[in-house]
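Structure in structure tokens, see below.
The values are calculated or read from the model by the stated rules, or taken from the named source; none is laboratory data. Here the structure is a predicted model, which means the values were calculated and not measured. Ideal geometry is used to build each Cβ from the backbone, glycine not excepted, and the neighbour counts take in all protein chains shown.
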Amino acid sequence: MSPRSAQFGREEIIGAAFNLVREKGWDGFSVQAVGKAINSSTMPIYSHFSNVRELEDAVCQKALKLLKEHMLEERTGDKWIDQAITYVRFAEEEKFLFRCLWDGRNVELCKELGKELNEFISGTLVDYPLFAGLDEIEMKMIRLTRMMFAQKLAYWLNANSNYLKDKGIPDTDEYIRRASRAIYDGFRLQFSAQG
């Protein structure tokens, strides 16, 4: 190992790989491209990662960490709605990182990341006032329905940022807010009619 290659740490390599994926997607990623980005051969990369999949997975983990950081940002004052808005905006603004999270390159990792994100969101909503008084099934029905809505909308806008505008809906954030409330209010009406 050359003296320069010993200077590269695992986080520096992950950071370089992350930046490549962020800018160009998986098409811009290779071990050689990461080596070039850190001005090195591939040797230091393989000294920290046993294979390419391990480095790809580390990039996905870093992307999820960034998404979770963004999901803590306040936008409307309603954290449940803010989370959906942030998720969809992330899909629009970080197109390649969003794709790397859910593209199925590593199906098991996608499942793990989805579970981790769901647990993170659940943890932030423990004291959410609109969910007070709901039983576990009722809360799951509301959250799952809204999750499916936000996920699909995120995919559409990731592929085409003008998707909603083309449908005559000019304000994405307002659309998410209203749809989230419609999901919540609709289920609450059903629950009260059943009770």
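Would region 120-127 turn up any residue that is in contact (Cβ under 8 Å) with a residue 40 or more places away in the chain, more than 30 Å from PHE29 (Cα to Cα) and not in a helix (DSSP H, G or I)?
Among the residues of region 120-127, at least one is in contact (Cβ under 8 Å) with a residue 40 or more places away in the chain, more than 30 Å from PHE29 (Cα to Cα) and not in a helix (DSSP H, G or I), which makes the answer yes.
Turning to a different aspect of this structure: Here's a check for you: in region 89-105, which residue that is closer than 15 Å to LEU153 by Cβ and over 9 Å from the mean Cα position of the chain (by Cα) is surrounded by the fewest Cβ atoms within 10 Å (Cβ to Cβ)?
Applying the filter and picking the extreme gives GLU93.
Sticking with this structure for a sec: Report, ordered by the first and then the second residue, all pairs with beta carbons closer than 7 Å, sequence separation of six or more or different chains, a first member in region 97-114 that is within 19 Å of ALA17 (Cα to Cα), and a second member that is outside any helix (DSSP H, G or I).
ARG99/GLY25; CYS110/GLY104
Got a sec? Which of ALA150, ALA132, ALA182 is under 12 Å from the mean Cα position of the chain (by Cα), in the same structural domain as MET71 (by TED's automatic domain parsing) and not charged (D, E, K, R)?
It is ALA150.
Here's another thing I want to ask about it. Mind telling me which of the residues LEU157, LEU189 ends up being of a type outside the set (Ser, Thr, Tyr), over 18 Å from LEU64 (Cα atoms), without any contact (Cβ under 8 Å) to a residue 12 or more places away in the chain and part of a helix (DSSP H, G or I)?
LEU189
For region 33-51, which residues satisfy the criterion of being of a type in the set (Ser, Thr, Tyr), free of Cβ contacts under 8 Å to residues at least 24 places away in the same chain and part of a helix (DSSP H, G or I)?
From region 33-51, those of a type in the set (Ser, Thr, Tyr) are 40-42, 46-47, 50; that's our starting set.
Applying the additional criterion that residues be free of Cβ contacts under 8 Å to residues at least 24 places away in the same chain yields 42, 46, 50.
Within region 33-51, just TYR46 meets the criteria.
Of all residues in region 138-167, which are more than 17 Å from ALA182 (Cβ to Cβ), in contact with a helix residue (DSSP H, G or I) (Cβ under 6 Å, 6 or more places away or on another chain) and polar (S, T, N, Q)?
Matches in region 138-167: ASN158, SER161.
Same structure, new question: Condition first: at pLDDT 95 or above, among the aliphatic types (A, V, I, L, M), over 20 Å from the mean Cα position of the chain (by Cα) and over 17 Å from ASN51 (Cβ atoms). Now tell me which residues in region 2-36 satisfy that.
Correct list: empty.
Would it be correct to say that ARG188 is assigned by TED's automatic domain parsing to the domain that holds ARG89, within 28 Å of GLU93 (Cβ to Cβ) and among the basic types (Lys, Arg)? Talk me through it step by step, then tell me what you get.
Numbers: assigned by TED's automatic domain parsing to the domain that holds ARG89: yes; within 28 Å of GLU93 (Cβ to Cβ): no; among the basic types (Lys, Arg): yes.
So ARG188 does not fit the description; no.
What's the number of the only condition in (1) surrounded by fewer than 16 Cβ atoms within 10 Å (Cβ to Cβ); (2) part of a loop (DSSP other than H, G, I, E, B) that LEU134 fails to meet?
Result: LEU134 passes all but (1).
Please find, among GLU54, GLU74, GLU69, the residue that is without any contact (Cβ under 8 Å) to a residue 12 or more places away in the chain, in a helix (DSSP H, G or I) and either surrounded by 18 or more Cβ atoms within 10 Å (Cβ to Cβ) or assigned by TED's automatic domain parsing to the domain that holds TYR175 (or both).
Of GLU54, GLU74, GLU69, the one residue that is without any contact (Cβ under 8 Å) to a residue 12 or more places away in the chain, in a helix (DSSP H, G or I) and either surrounded by 18 or more Cβ atoms within 10 Å (Cβ to Cβ) or assigned by TED's automatic domain parsing to the domain that holds TYR175 (or both) is GLU69.
Further, regarding this structure: Could you please let me know if GLY15 is in a helix (DSSP H, G or I), touching a helix residue (DSSP H, G or I) at 6+ places or on another chain (Cβ under 7 Å) and more than 22 Å from LYS152 (Cα to Cα)?
The answer is no for GLY15.
Which one is surrounded by the fewest Cβ atoms within 10 Å (Cβ to Cβ) among residues in region 160-179 that are outside any helix (DSSP H, G or I), under 23 Å from the mean Cα position of the chain (by Cα) and without any contact (Cβ under 8 Å) to a residue 12 or more places away in the chain?
Restricting to residues being outside any helix (DSSP H, G or I), under 23 Å from the mean Cα position of the chain (by Cα) and without any contact (Cβ under 8 Å) to a residue 12 or more places away in the chain, the top hit is ASN162.
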